[in-house]
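Have a look at the structure below before the remarks.
Only the coordinates and a few stated rules stand behind these numbers; no lab work does. Since the model is a prediction, treat every value here as computed from it, not as a measurement. Cβ placement follows ideal geometry from the backbone for every residue including glycine, while neighbour counts extend to all protein chains displayed.
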Amino acid sequence: MVIAAFVLVALNASTASNVRQQNVVVATKDIPPRIPIDSGSLAIALVPVGNLPDLYFSRIDQVKGMVPLVNIPKDQAITSNVIAKPGQGLASQSAFLPIPSGFVGITIPTSEQQGVAGNIQPDDYIAIIATVTTGAKVASKTVFVNVHVIRVGMEVPGGGASTAATATSLTVVVTQCQAEFITWFLTYASLKYDLESYQDYGQQPSKDPNCPSVDSAKGVTLQLVQKTYPTLF
């Protein structure tokens, strides 16, 4: 009996030693879905990969920036079936838009003449000019500057942006208060955009102390627009 037990233990040890191990990318903390993975959440560790080594990644730069499709627990090896490139496949439906806390995304219409002949691209910054007609008076004014564009056109199934020659919409990041003003101008005025120099781009929009959160917006009336932009009227 003792000999038989010894042989069984030896066989199990031999089988375990034959399991293929490999240095692969693992999670250093719980990684939630829909948020691109940063390098600080990754490390290299030696783990058993069995007969499926192609599912794993050997370099951190292969995983950095990918979007998790599911929750990835701490210390779990990251495999190719649980992540995807941003904007591709399931990740196009899963990834959060890059909207900072306290801001919102809003879609505004565009065209060749309105939107710099289709030259506006994601991560560009634009200024918004409003033109208002009141009686015989027509006036134009730049109402917003440094508006961050995060998407151009509509996301299509399978990932990527619309293949139309000129997109018909821009998704931009603004405060909720700005979103209300933009909605008013879209309804009662006309808007045009200009493309800012890339040398003037900011890294992230600064919070407006008068509108620090999405709960700060109180609505927009004609009287408020006239008070805020008196030269338009």
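If the only charges are +1 at each Lys and Arg Cβ and -1 at each Asp and Glu Cβ, what is the size of the charge dipole of the stretch 174-233 around the Cα centre, to the nearest 20 debye?
220 debye
Treat every Asp and Glu Cβ in the stretch 20-94 as -1 and every Lys and Arg Cβ as +1, leave all other atoms uncharged, and give the resulting dipole magnitude about the Cα centre to the nearest 20 debye.
40 debye
Got a sec? How would Phe144, Phe185 order by Cβ neighbour count within 10 Å, fewest to most?
The fewest-first ordering by Cβ neighbours comes to Phe144, Phe185.
Taking a quarter of the surface of the Cα convex hull of the stretch 20-94, what do you get in nm²?
Here the figure is 4.3 nm², rounded to one decimal.
With r as the distance between the Cβ atoms of Asp215 and Ile35 and R0 = 25 Å, compute the FRET efficiency 1/(1 + (r/R0)^6) and round to 0.05.
That gives a FRET efficiency of 0.60.
For Ile120, what is the net charge nearby, where nearby means another residue's Cβ is under 13 Å from its Cβ and Lys, Arg count +1, Asp, Glu -1?
-3
Cβ neighbours within 10 Å, averaged per peptide: list 78-85, 112-119 in order, most packed at the top.
Per-residue mean Cβ counts within 10 Å order the peptides as 78-85, 112-119.
Which net charge results for the neighbourhood of Ile106, defined as the other residues with beta-carbon distances under 12 angstrom from its beta-carbon, given Lys and Arg at +1 and Asp and Glu at -1?
Charge balance near Ile106 sits at 0.
Quick one: which of 169-175, 60-66 comes out on top by average Cβ neighbours within 10 Å, and what's the full order, highest first?
The densest-packed peptide leads the list: 169-175, 60-66.
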